[in-house]
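Q: Below you will find the structure I want to go over with you.
The values are calculated or read from the model by the stated rules, or taken from the named source; none is laboratory data. None of these values were measured; they are calculated from a predicted model. Virtual Cβ from ideal backbone geometry, glycine too; neighbours counted across all protein chains shown.
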């Protein structure tokens, strides 16, 4: 029994009623490092080691966050950014998934499209920004296009990879047991490719935020990136730091949601058993 | 000390007296070549309804190729395989195959995996019965990853038998199991065969297994059948008895003479 387990056991013996209310100490462990950083940062700011004009303190940023929340400004920007992210994810991820599936099951489809896609993949999608602004202006179309393009490739590649790596013995079993091609796809190919598709989704989510922030920083009149750029122009440092922290929180939230979804969908896998 | 009886008692029922649901298999003049290399050459073989036939031979002798032709997973280069007077590829769910690996769907629980064997939609009653017959009734809701090797093969057997096939084709299904689990599985297969009366064709490299299970053993080699042995069982036969040992020796001689 490890020290932590001993401590938990001792505590639960003393006050069993608290057990359900308090989170287990080991569940809090991942947050220990961020909490320590925040505390050190606050102390450094309060004691004047770090000037407020270089890096505002956590308490200042929190106050700004509360004030902007109450005025509604924060949620307007947050909502706009989240909606753009989601739209890009659905469009880019959807196309990536469909092409991944069709290239995974059809030799002809792959021959026709894969080498083209590999060429496009090697262009950093952010390099297209000047062209995209000329095509779409600085409206929503430009951001949607960039986010969708960024999300497309990880989902396409991982869907294709997942389908390619299905155990051919299972397909043969399905055939021998009289499954139609549709049934083989639904009952063998898709569930078999799912772990890989989730990997693609998690990669895609990272690229989704990155692309959106860059796009919003360059040209927008709303959204988190716009909020940060406007604050920079007026030298409002706490808002700049706040938007950076919000990116971190949003990224973590999206990742946690995907992991929860993954645990649910892949509960058959030994890799997730008992977690 | 009481001797452990390894073979079920009711195997003394001769094949022709069993519930006659077994399919007849007829293999006529079958040749199968791979890139000019003849694996099977003008092979003829008849399997009687309800018979348990084992195919043995050195590795590479074409026994798995022959089994895949019977199972309709492969086509002969010439000649034909007929099951109950229809081409093997049209056998549908009259024909079931058990592979060397369990080939269960990892993302479906045991009951859903067994239901794969039912073509006309889910039938919980049939699945429950099939699972009970392989002593897996308590594992219906379990993921295959949590089963032992023997339990996985039993689930695969339940999947093969849930549609009450008239021909069961077994491609070394016990090859990867440990010795004790093998014996239990052999008894289970023999027992199911005796009860349900399907025709069974087993490919194995274990001559003792072939002798313990079959009504007839054929030795395959040089593209054809080298040797036939009929095993007539009168009275409960003990594994390791002198008669069976003699038959085993005869088959091994035929394999090594090739």
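Q: Within the range A:198-220, identify whether any single residue is farther than 18 Å from residue A:101 by Cα, touching a residue at least 24 places away in the same chain (Cβ under 8 Å) and part of a loop (DSSP other than H, G, I, E, B), and answer yes or no.
A: Yes; the residues of the range A:198-220 include at least one that is farther than 18 Å from residue A:101 by Cα, touching a residue at least 24 places away in the same chain (Cβ under 8 Å) and part of a loop (DSSP other than H, G, I, E, B).
Q: Have a look at A:131, A:112, A:194 and point out the one that is in contact (Cβ under 8 Å) with a residue 60 or more places away in the chain and either under 24 Å from residue A:257 (Cβ atoms) or surrounded by fewer than 20 Cβ atoms within 10 Å (Cβ to Cβ) (or both).
A: From the options A:131, A:112, A:194, the qualifying one is A:194.
Q: For the condition under 17 Å from the mean Cα position of the chain (by Cα), within 30 Å of residue B:73 (Cβ to Cβ) and modelled with pLDDT of 90 or more, what is the one hit in A:197, A:207, A:188? Walk me through it before giving the result.
A: On the way: A:207 fails: within 30 Å of residue B:73 (Cβ to Cβ); A:188 fails: under 17 Å from the mean Cα position of the chain (by Cα).
After ruling out the rest, the residue left standing is A:197.
Q: Quick one: is residue B:258 surrounded by fewer than 20 Cβ atoms within 10 Å (Cβ to Cβ) and more than 19 Å from the chain's Cα centre (by Cα)?
A: It is true that residue B:258 is surrounded by fewer than 20 Cβ atoms within 10 Å (Cβ to Cβ) and more than 19 Å from the chain's Cα centre (by Cα).
Q: Checking residue B:127 against (1) farther than 11 Å from residue B:157 by Cα; (2) in contact with a helix residue (DSSP H, G or I) (Cβ under 8 Å, 6 or more places away or on another chain); (3) within 11 Å of another protein chain (Cβ to nearest Cβ), only one condition comes out false. Which one?
A: (3)
Q: Would you confirm whether any residue within the range B:90-108 is more than 9 Å from every other protein chain (Cβ to nearest Cβ) and free of Cβ contacts under 8 Å to residues at least 40 places away in the same chain?
A: yes
Q: A further question on this structure: In the range B:144-180, what residues are within 11 Å of another protein chain (Cβ to nearest Cβ), farther than 18 Å from residue B:22 by Cα and not in a helix (DSSP H, G or I)?
A: Matches in the range B:144-180: B:171 only.
Q: Only one of (1) in a strand (DSSP E or B); (2) over 15 Å from the mean Cα position of the chain (by Cα) is not met by residue B:248, so which one is it?
A: Result: residue B:248 passes all but (1).
A quick yes/no check of all residues on (1) closer than 30 Å to residue B:108 by Cβ; (2) crowded, with 19+ Cβ neighbours inside 10 Å:
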| residue | (1), (2) |
| --- | --- |
| A:212 | no, yes |
| A:218 | no, yes |
| A:226 | no, yes |
| A:233 | no, no |
| A:236 | no, no |
| A:241 | no, yes |
| A:249 | no, no |
| A:260 | yes, no |
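Q: Considering only helices (runs of 4 or more DSSP H) fully contained in the range A:1-100, which possess at least 1 residues that are at pLDDT 85 or above and surrounded by 13 or more Cβ atoms within 10 Å (Cβ to Cβ)? Talk me through it step by step, then tell me what you get.
A: Values: elements: A:3-14, A:25-28, A:32-46, A:58-71.
By residue number, A:32-46, A:58-71.
Q: Check off (1) at positive phi; (2) surrounded by fewer than 20 Cβ atoms within 10 Å (Cβ to Cβ); (3) within 14 Å of chain A (Cβ to nearest Cβ) for residue B:72 and give me the number that stays unchecked.
A: (2)
Q: Can you pull out the residues in the range A:249-275 that are in contact with a helix residue (DSSP H, G or I) (Cβ under 9 Å, 6 or more places away or on another chain) and either within 14 Å of another protein chain (Cβ to nearest Cβ) or within 16 Å of residue A:216 (Cβ to Cβ) (or both)?
A: Of everything in the range A:249-275, those that are in contact with a helix residue (DSSP H, G or I) (Cβ under 9 Å, 6 or more places away or on another chain) and either within 14 Å of another protein chain (Cβ to nearest Cβ) or within 16 Å of residue A:216 (Cβ to Cβ) (or both) turn out to be A:250, A:251, A:262, A:265, A:266, A:268, A:269, A:270, A:271, A:272, A:273, A:275.
Q: Oh, and also: I need the full set of residues from the range A:167-179 which are within 7 Å of chain B (Cβ to nearest Cβ) and assigned to a loop (DSSP other than H, G, I, E, B), in order please.
A: A:177, A:178
Q: Scan the range A:162-184 residue by residue and report those that are in contact (Cβ under 8 Å) with a residue 40 or more places away in the chain and surrounded by fewer than 19 Cβ atoms within 10 Å (Cβ to Cβ).
A: A:164
Q: Something else about it: Here are some conditions: (1) within 11 Å of another protein chain (Cβ to nearest Cβ); (2) out of contact with any strand residue (DSSP E or B) (no Cβ under 6 Å at 6 or more places or on another chain); (3) within 22 Å of residue B:121 (Cβ to Cβ). Residue A:182 meets all but one. Which one does it not meet?
A: Status for residue A:182: all satisfied but (1).
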